[in-house]
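Notes for the one structure printed next.
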Amino acid sequence: MSQSERLQDIQIIARRDGRVTVEGLARHFDVTLQTIRRDLTDLAEQGKLQRVHGGAILPSTVANIGYADRRDLNEDGKSAIARTAGRDIPNGCSLFLNIGTTTEAVARALLGHRDIMVLTNNLNVANILVENPNCEIIVVGGLLRRADGGLVGTMTTQAIQQFKFDLAVISCSALDEDGDMLDFDIQEVGVSQAILKQARRSFLVADQSKFRRRAPARIGSLSQIDQFYTDAPIPDALAHACNGWATSVNIAPYEDRGPARSQPDRA
């Protein structure tokens, strides 16, 4: 395999997993550690990856990953999260689904639900749910962001304030170690905050890659969330904090074997 082919494959693995390690890539490609270090350095110089101790991560500290790439990132984990969260969304309820590839996966998990009303600022969510004849769909207005089909801005926030719904199901771009939910777009942050304010209960759906990313704008804290759905155990300190906040942490298995498990307090 040529270096150019290997560099392309490394980027695919990084987009899928959110992080790559020198040792793991060396085993995968059957090359030396020095070769992989040189590859990662080259990708870092091109702005494709960010070098960290022992490997590299996606360069998401300033700008978000492209939407098509986000769809491919940890697709199995997002699907498992969506199925698990979907089981906890009852028939006959009203809920809001915001912008995000994981909330789109939740929309697919709702195709068999009955007598639900879904409000959304995500045109992709609306198009998915058109297939469910037992779902009433309300798309809130605003400025269309062509990159991901999201509606954002003051008009969107004002429209959300006209509703009170049973459940908010939101995603975020990143999660930091103290439980803050983060995003890249300040306008989208304002929309997410309005969604949480108008909901009687709130779910966060966020896969494990969100703990390996950084974003500059704060949506709020996991302390505001009733149920957090993810696909891998979270750090012990954060699990303890969630227990104190009464935020239930539900870990969805990849193969969706059996019910999701709540992460215990490890204090």
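The values are calculated or read from the model by the stated rules, or taken from the named source; none is laboratory data. Computed from a predicted model, the values in this text were never measured in an experiment. Positions of Cβ are backbone-derived with ideal geometry, glycine not excepted, and every protein chain shown enters the neighbour counts.
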Any chance Lys164 is crowded, with 23+ Cβ neighbours inside 10 Å and of a type in the set (Lys, Arg): no
Leading residue by the ranking (farthest from the chain's Cα centre (by Cα)) among those in region 148-173 that are assigned to a strand (DSSP E or B) and not hydrophobic (A, V, I, L, M, F, W, C): Asp166
Lone unmet requirement of (1) of a type in the set (S, T, N, Q); (2) touching a residue at least 24 places away in the same chain (Cβ under 8 Å); (3) surrounded by fewer than 16 Cβ atoms within 10 Å (Cβ to Cβ) for Gln158: (2)
From Gln11, Gln50, Gln46, residue being more than 30 Å from Phe228 (Cβ to Cβ) and modelled with pLDDT under 90: Gln46
Only listed residue being in the same structural domain as Asn98 (by TED's automatic domain parsing), closer than 19 Å to Gly100 by Cα and either at pLDDT 90 or above or β-branched (Val, Ile, Thr) (or both), chosen from Asp180, Asp185, Asp236: Asp180
Test: residue in region 32-42 that is modelled with pLDDT of 80 or more, in the same structural domain as Ile138 (by TED's automatic domain parsing) and buried (at least 18 other Cβ atoms within 10 Å of the Cβ): no
Residue pairs meeting the criteria (Cβ under 8 Å; at least 6 apart or on separate chains; first farther than 14 Å from Ile195 by Cβ, in region 135-153; second of a type in the set (Phe, Trp, Tyr)): Ala147/Tyr67; Asp148/Tyr67
Residue match in region 127-138 (condition: in a strand (DSSP E or B), surrounded by 22 or more Cβ atoms within 10 Å (Cβ to Cβ) and either modelled with pLDDT under 95 or assigned by TED's automatic domain parsing to the domain that holds Gln193 (or both)): no
From the options Ala199, Ala194, Ala215, residue that is more than 27 Å from Asp76 (Cα to Cα), crowded, with 19+ Cβ neighbours inside 10 Å and either charged (D, E, K, R) or in contact with a Ser or Thr (Cβ under 8 Å, 6 or more places away or on another chain) (or both): Ala194
